[in-house]
Amino acid sequence: MKSFSYHQPKDIREASNLLGDNWQDALLNAGGTDLLGLIKHDIEKPDHLVNLKAVKDLDKVRYQEGKGLSIGALVKLNDLAAMDIVQNKYTVLAEALQETASPQLRNMGTIGGNLCQRPRCWYFRGDFDCLRKGGELCFAADGENKYHCISGGGPCFIVHPSDPAVALLALDASVTIAGKDREYTVPLHDFFVLPEDDVMRENILQPHEIVTRIHVPDLPSNTRSGYIKFKERDVWDFAVVSVAAVLRMGSERIEGGTMAFGGVAPKPWMEKTINDALNRMEVTDTNLDSLAQIAFTDALPLAQNGYKIPLVRNLIKRVIRTLNA
Amino acid sequence: MAKNKKNSRSMSRRDFMKGFGSGVVGGSIMLQTLHAAPPPTTGTFKDESNRVELTLKVNGKLVQTKITPHTTLIELIRDKLALTGTKVVCNHGECGACTVLLDGRAVYSCHMLALDAHGKEVITVEGLMQGEELHPLQEAFIEKDGMQCGFCTPGQIMAAQGLLNEHPHPNREQILKGMSGNICRCSAYPKIADSVVAAAKK
């Protein structure tokens with residue numbers, strides 16, 4: 001592995017200054033699970049590593065009734081998944097966390113790092129000078145693209161690899177970002193970017209900026225939520241397609257809700273038509289079929305991934321049936 | 001001459017590496033009281049050759065050393081401390097052969113920086129035994145034949161210990177999920193699961 005010098009700032013401002021203004025000079029180390037892979041594969045070649053773990057308060061979770069959940073960026077995935085409040089109230093997040101990677105990686109990886117992880121596209125991770133690495137070509141466009149995106153693609157066709165990000169998007173979460181001279185909070189919806197906006201990054205972070213906290217609003221008591229992840233192995237795999245649903249259930253019909261999708265787009269994905277249709281929807285076979293039919297009608301599958309459309313439509317029906325049971 | 005030749009042959013690669021390793025250990029590692037040491041830090045921003053101080057506990061022993069920042073935990077464990085029970089297979093945090101416990105929880109030692117273990121306690125497979133006595137998990141893997149070639153076994157056993165720390169009496173589903181970060185190329189999975197069940201009863 002490439003050598004680098006190591007820095008242990010005591011506060012976020014110092015960390016931000018150490019990161020500087022250029023991507024390749026210095027990188028942030030939280031759990032390190034994605035970072036070490038990137039360095040070992042020569043995708044990232046930092047001269048300096050900035051360890052975030054001496055910065056106080058980033059490993060704390062707070063819940064306040066009415067205000068919701070505030071999660072420090074350095075909270076380990078397994079610690080978050082094990083919390084009663086997450087399991088009972090934010091079930092969709094607990095399920096997405098439990099579906100992430102392997103027990104060891106969940107003991108190491110942090111929620112902030114998980115949101116900021118780089119894509120798993122085999123051309124990006126492999127020895128290809130692809131668009132996302134500053135090259136001229138997306139090799140997936142005409143290559144092996146079974147696992148690539150069906151929506152939001154072009155000129156690069158990655159899918160975003162995070163499970164918790166999909167759950168957090170359905171939960172209407174936001175992230176706080178600290179930089180050299182300011183701190184601000186943005187909805188998760190505006191945090192991720194598409195290749196058409198920036199083909200080399202997956203989010204809005206500048207080199208000197210750091211995700212410090214994630215906020216999840218409180219939920220009405222009639223909320224039911226869940227996450228279904230379709231993968232090729234039973235465990236320890238990235239999503240082929242995943243669906244997160246957060247529904248407010250009335251006595252006879254869904255009052256309203258949001259759904260978000262993983263494995264389909266370069267960022268955690270939402271479709272307004274689906275969320276609109278959930279409004280006062282009665283859960284019947286006919287209505288579920290209608291909902292599935294309006295989902296992903298704008299999708300543009302590549303040569304090998306058209307199967308994702310019926311798959312995501314069936315998962316939409318399945319997750320609603322599960323939550324309505 | 002013949003005798004010497006025989007002796008040199010009987011010295012396994014492992015013994016050689018251990019001997020070599022412990023020479024390094026003697027030279028660079030001090031045992032000290034583990035205190036709430038401040039986290040390590042390099043000197044100046046641009047000094048790349050600077051080695052960093054590291055203090056941690058490995059199998060109950062206190063270790064203080066200096067390492068280059070890009071040293072992984074398994075490189076420290078195997079190359080510096082000569083604890084070669086922990087195996088490297090994929091070296092990418094995917095197969096689980098390198099699993100050790102960090103403050104009681106299973107982690108991939110090939111895929112974390114040794115500096116991230118600063119001030120923490122590491123247990124490797126060598127740390128499970130009490131003197132010459134096998135740990136209940138080791139006994140269970142032998143009794144239930146929880147292996148074929150055995151190369152993944154140290155990692156399987158440490159993952160199992162991490163699981164039992166979290167769930168002392170795991171059900172079948174907890175075992176399958178809890179052990180899912182460890183790959184066995186011989187596919188001894190049913191007997192590995194049986195071994196964990198047996199160990200939980202001990």
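Just so you know, all these numbers are worked out from the coordinates, no wet-lab data involved. Predicted model only: the values in this text are computed from it and were never measured. Don't worry about glycine lacking a Cβ; one is built from the backbone with ideal geometry, like all the others, and counts go over all protein chains shown.
Take every Cα-Cα pair in the protein assembly as shown and report what % of them are more than 34 Å apart. It would help to have the intermediate numbers written out before the result.
On the way: 57920 of 138601 pairs.
For the protein assembly as shown, the share of Cα pairs beyond 34 Å comes to 42 percent.
Once you have the Kirkwood Rh of segment A:243-319 from its Cα pairs, apply Stokes-Einstein at 10 °C and 1.306 mPa s and quote D in µm²/s.
Numbers: Rh = 12.9 Å.
Using the Kirkwood radius from Cα pairs, D works out to 123 µm²/s.
Please give the peptides A:237-248, A:42-53 ranked by average Cβ packing (other Cβ atoms within 10 Å per residue), highest first, as a rough proxy for protection. Don't jump to the answer; show the numbers that get you there.
On the way: A:237-248: 24.2, A:42-53: 18.8.
So the peptides A:237-248, A:42-53, ranked by packing, come out A:237-248, A:42-53.
Treat each spin label as a single point 7 Å out from the Cα along the C-beta direction, and report the A:HIS41 to A:ASP142 distance in nm.
About 2.4 nm separates the two model spin labels.
Amide H of A:VAL241: which non-local residues (sequence gap of 5 or more, or other chain) have their own amide H closer than 5 Å, using H built in the peptide plane?
A:PHE230
By average Cβ neighbour count within 10 Å, what is the ranking of A:224-232, B:114-122 from highest down?
Ranking the peptides A:224-232, B:114-122 by packing returns B:114-122, A:224-232.
Only four residue types carry charge here, +1 at the Cβ of Lys and Arg and -1 at the Cβ of Asp and Glu. Report the dipole size of the protein assembly as shown about the Cα centre in Debye, rounded to the nearest 20.
On the way: 61 positive and 61 negative charges, 349 e Å.
Computed about the Cα centre, the dipole is about 1680 debye.
How far apart, in nm, are two points set 7 Å out from the Cα along the Cα-to-Cβ line at A:ASN88 and at B:LEU62?
4.2
If you take every residue apart from A:LEU247 with its C-beta less than 9 Å away from the C-beta of A:LEU247, what net charge results, scoring Lys and Arg +1 and Asp and Glu -1? The partial results should precede the final answer.
Numbers: positive: A:ARG224, A:ARG248; negative: A:GLU255.
Result for the neighbourhood of A:LEU247: +1.
Show me the chymotrypsin sites (Phe, Trp or Tyr not before Pro) within segment A:1-106 that DSSP assigns to loop and that have at most 15 other Cβ atoms within 10 Å of their Cβ. Working shown, then result.
On the way: sites: A:PHE4, A:TYR6, A:TRP23, A:TYR63, A:TYR90; in loops: A:PHE4, A:TRP23, A:TYR90.
Filter output for segment A:1-106: A:TRP23.
With unit charges on the beta carbons (Lys and Arg positive, Asp and Glu negative) and the dipole taken about the Cα centre of segment B:65-157, which residue among B:GLN138, B:VAL100, B:THR72 sits farthest to the positive side?
Among B:GLN138, B:VAL100, B:THR72, the one farthest towards the positive end of the dipole of segment B:65-157 is B:THR72.
Cross-link candidates for A:LYS67: which aspartates and glutamates have Cα within less than 18 Å, leaving aside residues fewer than 8 places away along the same chain?
Partners found: A:ASP84, A:ASP172, A:ASP218.
With both bridge residues required to lie in the protein assembly as shown, what share of the DSSP beta bridges run antiparallel, to the nearest 5%? List each step's numbers first, then the result.
Numbers: 54 of 64 bridges.
The antiparallel fraction comes to roughly 85 percent.
So, in Å, what gap is there between the alpha-carbon centers of segment A:189-206 and segment A:64-96?
Using only Cα atoms to place each centre, the spacing works out to 25 Å.
5 Å is the cut-off here: which amide hydrogens, built 1.01 Å from N in the peptide plane, fall below it relative to A:MET281, excluding neighbours closer than 5 in sequence?
Here the answer is A:ILE254, since their amide H atoms fall under 5 Å of that of A:MET281.
Just tell me how shielded A:93-104 is by partners: mean number of partner chain Cβ atoms within 10 Å of each residue's Cβ, no decimals. The partial results should precede the final answer.
Values: counts 0, 0, 0, 0, 0, 1, 0, 0, 4, 15, 15, 21.
For this peptide, the per-residue mean of nearby foreign Cβ atoms is 5.
³J(HN,Hα) across segment A:88-96 via Karplus (A = 6.51, B = -1.76, C = 1.60, θ = phi - 60°), whole Hz, x for Gly/Pro?
Taking θ as phi minus 60°, the curve returns 7, 9, 10, 3, 4, 6, 4, 5, 5 Hz for segment A:88-96.
Helix A:285-294: angle to the longest alpha-carbon principal axis of chain A, degrees 0 to 90, nearest 10?
For helix A:285-294, the angle is close to 40 degrees.
How many partner chain Cβ atoms sit within 10 Å of a residue's Cβ in peptide B:102-112, on average, as a whole number?
On the way: counts 3, 1, 1, 8, 8, 8, 7, 1, 2, 11, 8.
If you average over the peptide's residues, the count of other-chain Cβ atoms is 5.
Mean projection of the alpha-carbon convex hull of segment B:93-149 over all orientations, in nm²? Present the calculation step by step, with values, prior to reporting the outcome.
Values: hull surface 19.8 nm².
Averaged projected hull area, Cα only: 5.0 nm².
Taking the Cα centre as origin and putting +1 on Lys and Arg beta-carbons and -1 on Asp and Glu beta-carbons, what dipole magnitude results for segment A:142-298, to the nearest 20 debye?
Details: 14 positive and 24 negative charges, 73 e Å.
Roughly 360 debye for segment A:142-298.
Starting at the first residue of segment A:101-115, write each ³J(HN,Hα) from the Karplus equation 6.51 cos²θ - 1.76 cosθ + 1.60 with θ = phi - 60°, in whole Hz, x for Gly and Pro.
Once θ is set to phi - 60°, the couplings for segment A:101-115 become 6, 10, x, 4, 5, 6, 6, 9, x, 10, 5, x, x, 4, 5 Hz.
To the nearest whole number, what is the average tally of beta carbon atoms from other chains within 10 Å of the beta carbons of peptide B:153-166?
Values: counts 0, 0, 1, 0, 0, 1, 3, 0, 0, 3, 1, 0, 0, 4.
Counting other chains' Cβ atoms within 10 Å and averaging over B:153-166 gives 1.
Based on DSSP, what percent of beta bridges with both residues in segment A:18-169 are antiparallel, to the nearest 5?
If I count the DSSP bridges inside segment A:18-169, around 50 percent turn out antiparallel.
Would you please give the residues with an amide H less than 5 Å from that of A:SER5, counting only those at least 5 places away or on a separate chain, with H modeled from the backbone geometry?
For A:SER5, whose amide H was placed from the backbone, the distant partners under 5 Å are A:HIS48, A:LEU49.
With only alpha-carbon atoms counted, please give the Rg and Dmax of segment A:171-296, in Å.
17.1, 54
Counting other Cβ atoms within 10 Å of each Cβ, which GluC sites (Glu not before Pro) in segment B:122-199 have at most 14 and sit in a DSSP loop? Before the final figure, lay out each step's value.
On the way: sites: B:GLU126, B:GLU132, B:GLU133, B:GLU139, B:GLU143, B:GLU166, B:GLU173; in loops: B:GLU132.
Taking segment B:122-199 and a limit of 14 other Cβ atoms within 10 Å, the loop GluC sites (Glu not before Pro) found are B:GLU132.
Rounded to whole Hz and in sequence order, give me ³J(HN,Hα) for segment A:202-207 from the Karplus expression 6.51 cos²θ - 1.76 cosθ + 1.60, θ = phi - 60°, writing x for Gly and Pro.
9, 8, 7, 4, 8, x
I'd like the distance separating the alpha-carbon centroids of segment B:144-202 and segment A:270-312, in whole Å.
A separation of 40 Å, based on Cα centres.
Taking a label point 7 Å from the Cα of A:ARG318 along the Cα→Cβ vector, which residues of segment A:265-290 have an amide N closer than 11 Å to it?
Counting only backbone N, you get no residues.
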